[in-house]
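As structure tokens, the structure follows; a few thoughts come after it.
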Amino acid sequence: MIATVLAGRDGDLGVIQTFLDEASAGGAALLLTGEPGVGKTALLDAAQERAMAAGARVLRAAGAQFEADVGFSGLNQVLLPLGTELAGLNAAQREALKVAQGLTAGPPSDRLVVSNAALALLRRAAAARPLLVILDDLPWLDRVSSLVLAFAACRLGGSRVGFLAAARTGAGTLFDAGGLPEHEVRPLDGAARRPGSSGARAGPADYPAPRPGRAGEPRERARGTGY
Ligand SMILES: Nc1ncnc2c1ncn2[C@@H]1O[C@H](COP(=O)(O)OP(=O)(O)O)[C@@H](O)[C@H]1O
Ligand SMILES: [Mg+2]
């Protein structure tokens, strides 16, 4: 696999690598914040690539506006691939998660039960190899999933689970309410923005040049001027 090179992001990638190392050694969480278009998703992509190259399993979900009101839709996105591990939980936890995710009918469990069950499931999934949970666009995640996942993110000590999330600046997510570590992704400076400039191996094919006067084009957005 050829690793993607992100121009101008050596510092941010260093922070992410330290986080990945900590997470796979003993559990860790990190929230990336920054303006829309600044490059958070690109950093999540890079983190995913690095984690997978190091042998970790990656579960990735993204908040979406159309699902923000659908309770547990985010949790469902994250946990759906863990069917095998789900079967290994005790019956009460298994049922709580299946009902919460809409996989089976039944009386809903208390949120604390669901939260503990989700935590147990993630820890179990990380038993064989490190697990990285990536949550993009956190503010759009439905509220109850955010609560459950933030609960888990605060209790990763001694596991090999990493939580890496991204949210726009000022969104006030439940992850920063929980006091989890944050890293602010800043707009790229001029040198790093120019494709082909020193240290930047990304070329025009990777990042199309902005059309004059069109805010929101990829490269405009990368330097944070579009918003
Ligand atoms: N380091 C970079 N150099 C050049 N372009 C980048 C860089 N990082 C991101 N981009 C481009 O900028 C645009 C916005 O980045 P994205 O990661 O989606 O921002 P965010 O998730 O913060 O909204 C995308 O088209 C992306 O390819
Ligand atoms: Mg994004």
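Candidates Ala29, Ala47, Ala25, Ala56: the one that is more than 14 Å from ligand 2 (Cβ to nearest atom), closer than 19 Å to Pro181 by Cα and in contact with a strand residue (DSSP E or B) (Cβ under 8 Å, 6 or more places away or on another chain) is Ala29.
The residues in segment 48-101 that are touching a residue at least 24 places away in the same chain (Cβ under 8 Å), in a helix (DSSP H, G or I) and of a type in the set (D, E, K, R) can be counted, and the count is 4.
State all residues of segment 88-142 that are farther than 17 Å from Ala23 by Cβ, among the charged types (D, E, K, R) and away from ligand 1 (no atom under 16 Å from the Cβ); if no residue qualifies, say none. Of everything in segment 88-142, those that are farther than 17 Å from Ala23 by Cβ, among the charged types (D, E, K, R) and away from ligand 1 (no atom under 16 Å from the Cβ) turn out to be Arg94, Glu95, Lys98, Asp110, Arg111, Asp142.
In segment 22-46, the qualifying residues are those that are charged (D, E, K, R) and within 11 Å of the chain's Cα centre (by Cα), and the one that is surrounded by the most Cβ atoms within 10 Å (Cβ to Cβ) is Lys40. On the stretch given as segment 169-192, residues that are modelled with pLDDT under 95 and either surrounded by 19 or more Cβ atoms within 10 Å (Cβ to Cβ) or of a type in the set (Gly, Ala, Ser) (or both) total 14.
The residues of segment 10-21 that are crowded, with 21+ Cβ neighbours inside 10 Å and farther than 13 Å from Phe163 by Cα amount to a single one, Asp12. Of all the residues in segment 11-41, those that are within 21 Å of Thr169 (Cα to Cα), in contact (Cβ under 8 Å) with a residue 60 or more places away in the chain, part of a helix (DSSP H, G or I) and more than 6 Å from ligand 1 (Cβ to nearest atom) number 4. Remark: pairs (first residue in segment 122-143, closer than 16 Å to Leu31 by Cα; second residue in a loop (DSSP other than H, G, I, E, B) and away from ligand 2 (no atom under 16 Å from the Cβ); Cβ separation under 6 Å; 6+ apart in sequence or on different chains) = Leu132/Ala56.
The values are calculated or read from the model by the stated rules, or taken from the named source; none is laboratory data. Every value quoted in this text rests on a predicted model; they were computed, and no experiment measured them. As a convention, Cβ positions derive from the backbone with ideal geometry for all residues, glycine included, and neighbour counts pool all protein chains shown.
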